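Read through the structure below, which is laid out as structure tokens, and then see the notes.
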Amino acid sequence: MMRALREVRRFMTPLASGKAPGVVAVSGGADSVALLRALQTVYPRTLTVAHINHQLRGSESDGDEAFVRELSAQLGLPFRVKVIDVAMAATGANLEATARQVRYEFFAELAAEVGAGWIAIGHTVNDQAETVLHRLIRGTGLQGLRGIQQIRGLTPPAHQQIVRPLLTVTRADVIEYLVSLNQSFREDSSNADPRFIRNRLRHELLPLLKTFNPAIVTALGQLASQAGEAFEVLEADAKRFVSEVELPRAGNRLILDATKLAAAHHYRVRELLRLLWHREGWPTSDMTADHWTRLVAVAHGDLPAADFPEGISARRVGRVVQIGK
């Protein structure tokens with residue numbers, strides 16, 4: 001049995017026992033087409049094929065849509081498409097971030113409409129390796145080293161889950177599976193554009209790293225998996241710690257027990273603060289390593305007060321630490 005099919009079967013077996021159907025995101029590329037073909041053989045419930053036409057590559061984008069529409073018809077599966085000029089929607093904003101937001105909003109709406117319990121995305125371990133490298137280059141911590149999560153809930157929280165059954169499978173495994181099926185797929189010409197950092201990682205940095213370690217893609221995937229396991233332990237500890245140090249609010253400001261914070265190791269305090277930041281919906285994208293270090297310093301009593309992005313401040317007042325806008 002082909003490894004891609006075997007891994008999809010192994011991963012999807014628990015979900016297949018549920019009653020809810022699934023949505024499969026299919027761009028037309030090799031990864032998503034392989035995912036669709038594998039899922040259809042192992043999942044007994046109804047699948048709905050979802051496609052986004054971002055209108056970024058003119059006739060090529062329209063060709064992708066036509067290909068996925070025809071493939072869905074051949075497989076006897078319902079096909080849903082969203083056509084949107086992402087470049088126009090992203091005016092003044094990051095194009096890739098806008099495209100990602102549009103995709104996941106569409107997937108969530110479609111999943112709710114058809115009663116799907118999960119949305120399958122075709123990321124492979126190659127995507128995982130590129131993500132880990134990208135975050136390392138930008139600067140990241142343990143949370144970032146987890147890379148792409150194989151299972152996660154939608155944001156904002158919903159009943160549907162994002163699942164990535166191919167995340168332990170290499171792109172070579174995907175191609176081998178498609179060849180065995182004599183299944184065609186589409187090539188995205190923008191994947192060769194060196195203006196995108198991910199493409200330079202894929203075509204320049206990873207090939208260089210393979211001269212040092214031919215299994216670098218697998219190694220980076222394993223690193224992400226181990227970082228995820230370690231982060232789960234830290235996050236669970238942080239949740240317990242929150243219940244120990246959090247006091248009743250003062251208006252819109254969080255109140256924390258300064259004595260208990262001062263007695264805790266800096267890593268426990270940092271993870272607690274990250275957890276609170278996410279819980280409160282405060283933006284973390286602009287929080288640098290220096291910001292987190294200063295925040296921990298306030299919690300430990302080494303710094304009386306500090307200001308952070310989006311008008312959030314922290315200050316130590318007597319036996320408590322106050323944080324908020």
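Given the condition exposed (fewer than 15 other Cβ atoms within 10 Å of the Cβ), farther than 25 Å from G28 by Cα and in contact (Cβ under 8 Å) with a residue 40 or more places away in the chain, answer yes or no: does some residue in the range 156-165 qualify?
Yes, the range 156-165 contains at least one residue that is exposed (fewer than 15 other Cβ atoms within 10 Å of the Cβ), farther than 25 Å from G28 by Cα and in contact (Cβ under 8 Å) with a residue 40 or more places away in the chain.
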| query | If we keep just the residues of the range 283-315 that are under 21 Å from the mean Cα position of the chain (by Cα) and of a type in the set (V, I, T), which is modelled with the lowest pLDDT? | reply | T284
| request: Please give the number of the condition E280 fails out of (1) touching an Asp or Glu at 6+ places or on another chain (Cβ under 8 Å); (2) modelled with pLDDT under 95; (3) of a type in the set (D, E, K, R). | output: (1)
| field | From A219, A236, A230, residue being within 15 Å of Q128 (Cα to Cα), out of contact with any strand residue (DSSP E or B) (no Cβ under 9 Å at 6 or more places or on another chain), in a helix (DSSP H, G or I) and among the small types (G, A, S) | value | A219
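Just wondering, is there one or more residues in the range 54-63 that are at pLDDT 95 or above and open to solvent by less than 30 Å² (accessible area, probe 1.4 Å)? Can you show your working first?
Residues of the range 54-63 at pLDDT 95 or above: 63.
Restricting the remaining residues to those that are open to solvent by less than 30 Å² (accessible area, probe 1.4 Å) gives 63.
Yes: one or more hits.
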| request: Considering only residues that are acidic (D, E) and assigned to a loop (DSSP other than H, G, I, E, B), look in the range 260-303 and name the one that is nearest to E246 (Cα to Cα). | output: D302
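Any idea how many residues of the range 96-128 are of a type in the set (D, E, K, R) and at pLDDT 95 or above? Walk me through how you get there before you give the answer.
Narrowing the range 96-128 to residues of a type in the set (D, E, K, R): 96, 100, 103, 105, 109, 113, 127.
Checking which are at pLDDT 95 or above leaves us with 127.
Number of matching residues: 1.
Per-residue answers, yes or no, for (1) part of a helix (DSSP H, G or I); (2) in contact with a Ser or Thr (Cβ under 7 Å, 6 or more places away or on another chain); (3) within 22 Å of E7 (Cβ to Cβ); (4) not β-branched (V, I, T):
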{"residue": "Q149", "(1), (2), (3), (4)": "no, no, yes, yes"}
{"residue": "I162", "(1), (2), (3), (4)": "no, no, yes, no"}
{"residue": "A172", "(1), (2), (3), (4)": "yes, no, yes, yes"}
{"residue": "Y177", "(1), (2), (3), (4)": "yes, no, yes, yes"}
{"residue": "F185", "(1), (2), (3), (4)": "no, no, yes, yes"}
{"residue": "R202", "(1), (2), (3), (4)": "yes, no, yes, yes"}
{"residue": "L206", "(1), (2), (3), (4)": "yes, no, yes, yes"}
| request: Return the total of residues in the range 129-147 being open to solvent by 20 Å² or more (accessible area, probe 1.4 Å), modelled with pLDDT of 90 or more and not in a helix (DSSP H, G or I). | output: 1
| query | Does S27 fit the bill of being without any contact (Cβ under 8 Å) to a residue 24 or more places away in the chain and of a type in the set (S, T, Y)? | reply | no
| Looking only at the range 104-128, which residues are under 30 Å from P207 (Cα atoms) and outside any loop (DSSP other than H, G, I, E, B)? | A120, V125, N126, D127, Q128
| query | In the range 78-95, what count of residues is obtained for those that are modelled with pLDDT of 80 or more, in contact with a Ser or Thr (Cβ under 8 Å, 6 or more places away or on another chain) and assigned to a loop (DSSP other than H, G, I, E, B)? | reply | 1
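Please determine, by comparing only the residues of the range 182-199 that are at pLDDT 95 or above and surrounded by 12 or more Cβ atoms within 10 Å (Cβ to Cβ), which one is farthest from S61 (Cα to Cα).
Taking the range 182-199 first, the residues at pLDDT 95 or above are 182-186.
Next cut, surrounded by 12 or more Cβ atoms within 10 Å (Cβ to Cβ) only: 183, 185-186.
On the way: Q183: 20, F185: 13, R186: 10 Å.
Per the stated criteria, the residue is Q183.
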| said: Out of G281, G301, G318, I need the residue that is without any contact (Cβ under 8 Å) to a residue 12 or more places away in the chain and surrounded by fewer than 18 Cβ atoms within 10 Å (Cβ to Cβ). Which one? | reply: G281
| message | I need every pair where a residue in the range 250-266 that is more than 17 Å from R294 (Cβ to Cβ) has its Cβ under 6 Å from the Cβ of a residue that is buried (at least 16 other Cβ atoms within 10 Å of the Cβ) and among the charged types (D, E, K, R), sequence separation at least 6 or different chains. | response | none
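The values are calculated or read from the model by the stated rules, or taken from the named source; none is laboratory data. Computed from a predicted structure; not experimentally measured. Note that each Cβ is placed from the backbone with ideal geometry, even for glycine, and that neighbours are counted across all protein chains shown. Ligands, DNA and RNA are excluded from the accessible area calculation, which covers all protein heavy atoms including side chains. Shrake-Rupley method; radii C 1.70, N 1.55, O 1.52, S 1.80 Å.
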